[in-house]
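A.B. asks: One structure coming up, written as structure tokens, with questions to follow.
The values are calculated or read from the model by the stated rules, or taken from the named source; none is laboratory data. These numbers come from a predicted model, not from an experiment. Every residue, glycine as well, gets a Cβ built from its backbone with ideal geometry; the counts of neighbours run over all protein chains shown. Just so you know, the surface numbers come from the protein's heavy atoms only, side chains and all, with ligands and any DNA or RNA stripped out. Shrake-Rupley method; radii C 1.70, N 1.55, O 1.52, S 1.80 Å.
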Amino acid sequence: MILKHLCFQLDELAVTDFFSPIRDKRKLIETLIRAVKYMLINPVVENADVKGEMCLYIDKMSRLFFFSESKFFSFNFPFQVCNSEDGVVFYSKHVDDLNSRVTSQILNIVCSDEIYDASCVFEFSDKFLDAVEYSEELWRQFIDLLKYEDGYIRFDHDPDNENGNLHPLNHLDVFYSNVATFKLGINSKFSKSDLIDLVNINTPCSFLAQA
């Protein structure tokens, strides 16, 4: 059975982990894979310890959403998900089961400075093989993650850095790298549903109004 909506509670440690700044594609892929591992584990968080939430929507819009008190962000989710007798299963066109072992291998690649600092393709391949047990499926999945369109967007309620129209109290940050990102000011604080509706192609379109 295909699942369309899953939500997971986050404690303070998980919020600190997931909400660390994303400045490049490598960090975004790391956050994506750590999110898959978190959903596979599905830890129980007591109500008193809940500091945030992570939600996955699979539809025409396939996205992960992360919510904390003052910051929301979202990006494209490139995998499929279904429910089995053993729980939730994530898969792709290359990997039948993105289980703990496979996700750990991908993290070994993504988090390896030696791989990313390789001076040539031959050194890259050597470091890649040092980090993981090679398989064609894993290689193709890694390449797809490097190529996939992530569609990152973030909402901030940021009183600490508010500076008039240069840095509005409430704003959207579109894209994540310093050379590409830009802000869109918002007149009021977004709710969770506001961000979901903004990127959901099945709901009415939002409009920009000039100040």
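A.B. asks: Taking the full set of protein chains and a 1.4 angstrom probe, give the accessible area of R34 in square angstrom, rounded to the nearest 10.
C.D. replies: Roughly 80 Å² of R34 is accessible to a 1.4 Å probe.
A.B. asks: Follow-up question, since we're still on this one. To the nearest 20 debye, what is the magnitude of the charge dipole of segment 73-125 about its Cα centre, counting +1 on the Cβ of each Lys and Arg and -1 on the Cβ of each Asp and Glu? Numbers along the way, then the final one.
C.D. replies: Working: 2 positive and 8 negative charges, 38 e Å.
The dipole of segment 73-125 has a size of about 180 debye.
A.B. asks: C7: accessible area at probe 1.4 Å, nearest 10 Å²?
C.D. replies: Ignoring ligands and nucleic acids, C7 comes out at about 60 Å².
A.B. asks: What is the dipole size for segment 84-156, taken about its Cα centre, with +1 at each Lys and Arg Cβ and -1 at each Asp and Glu Cβ, in debye to the nearest 20? Provide the component values of the computation, followed by the final result.
C.D. replies: Values: 6 positive and 17 negative charges, 36 e Å.
Rounded to the nearest 20 debye, it is 180 debye.
A.B. asks: Dipole size in debye (nearest 20) for segment 1-150 around its Cα centre, Lys and Arg Cβ +1, Asp and Glu Cβ -1?
C.D. replies: Numbers: 16 positive and 26 negative charges, 116 e Å.
So the magnitude is around 560 debye.
A.B. asks: Please say if segment 1-122 is rounded, prolate or oblate, where rounded means a/c under 1.5 for a ≥ b ≥ c the square roots of the C-alpha gyration tensor eigenvalues, and otherwise the choice is prolate for a/b larger than b/c and oblate otherwise?
C.D. replies: The shape class here is oblate.
A.B. asks: For the chain, what does the helix formula give at 222 nm: sum of -39500 (n - 2.57) over DSSP H segments with n ≥ 4, over the residue count, nearest 500 deg cm²/dmol? Write down the numbers at each step before the final one.
C.D. replies: On the way: 7 runs with 70 residues, N = 211.
One gets -9500 deg cm²/dmol as the mean residue ellipticity at 222 nm.
A.B. asks: If you don't mind, there's one more thing I want to ask. Select from P78, L10, V44 the residue farthest towards the positive end of the dipole of the chain; place +1 on Cβ of Lys and Arg, -1 on Cβ of Asp and Glu, and compute about the Cα centre.
C.D. replies: Projecting each Cα onto the dipole axis, the largest value belongs to P78.
A.B. asks: Do the alpha carbons of any pairs in K60/K183; K51/K183; K25/K183; K4/K51; K25/K189 sit beyond 22 Å of each other, and which pairs? Mind showing how you got there, number by number?
C.D. replies: Numbers: K60/K183 26 Å; K51/K183 26 Å; K25/K183 19 Å; K4/K51 24 Å; K25/K189 27 Å.
In this structure, K60/K183; K51/K183; K4/K51; K25/K189 exceed 22 Å between Cα atoms.
A.B. asks: Then there is this: With every protein chain present, what is the per residue accessible area of the chain (1.4 Å probe, Å²)? Display every interim value, and only then the final one.
C.D. replies: Working: 12310 Å² over 211 residues.
Here the residues of the chain average 58 Å² of exposed surface.
A.B. asks: Kindly state, to the nearest 0.05, the FRET efficiency for F175 paired with V44, given R0 = 35 Å and r defined as their beta-carbon distance.
C.D. replies: On the way: r = 35 Å, r/R0 = 1.00.
In this case the efficiency is close to 0.50.
A.B. asks: Here's another thing I want to ask about it. Mind listing the phi-derived Karplus ³J(HN,Hα) values for segment 156-164, rounded to whole Hz, using 6.51, -1.76 and 1.60 with θ = phi - 60°, and x for any glycine or proline?
C.D. replies: Taking θ as phi minus 60°, the curve returns 10, 10, 10, x, 5, 10, 4, 8, x Hz for segment 156-164.
A.B. asks: Counting only protein heavy atoms and using a 1.4 Å probe, what share of the accessible area of the chain belongs to carbon plus sulfur, as a whole percent? Kindly include the intermediate steps, with their values, before the conclusion.
C.D. replies: On the way: 6170 of 12310 Å².
It is 50 percent, rounded to a whole number.
A.B. asks: Can you give the accessible area of I41, probe radius 1.4 Å, in Å² rounded to 10?
C.D. replies: The accessible area of I41 comes to roughly 130 Å².
A.B. asks: Hey, another quick one. Top to bottom by accessible area (1.4 Å), largest first, where do Y134, Y57 land?
C.D. replies: Values: Y134 120, Y57 50 Å².
Sorted by accessible area, descending: Y134, Y57.
A.B. asks: Once the Cα atoms of helix 121-131 and of the chain are each reduced to a long axis, what angle between those two axes, in degrees from 0 to 90 to the nearest 10, is obtained?
C.D. replies: 90 degrees
A.B. asks: For segment 171-198 and segment 114-151, compute the distance between their C-alpha centroids and round to whole Å.
C.D. replies: Segment 171-198 and segment 114-151 have Cα centres separated by 31 Å.
A.B. asks: Using only Cα atoms, figure out Rg for the chain and give it as a multiple of 2.2 N^0.38 Å.
C.D. replies: Working: Rg = 18.4 Å, N = 211, 2.2 N^0.38 = 16.8 Å.
For the chain, the normalised Cα radius of gyration comes out at 1.10.
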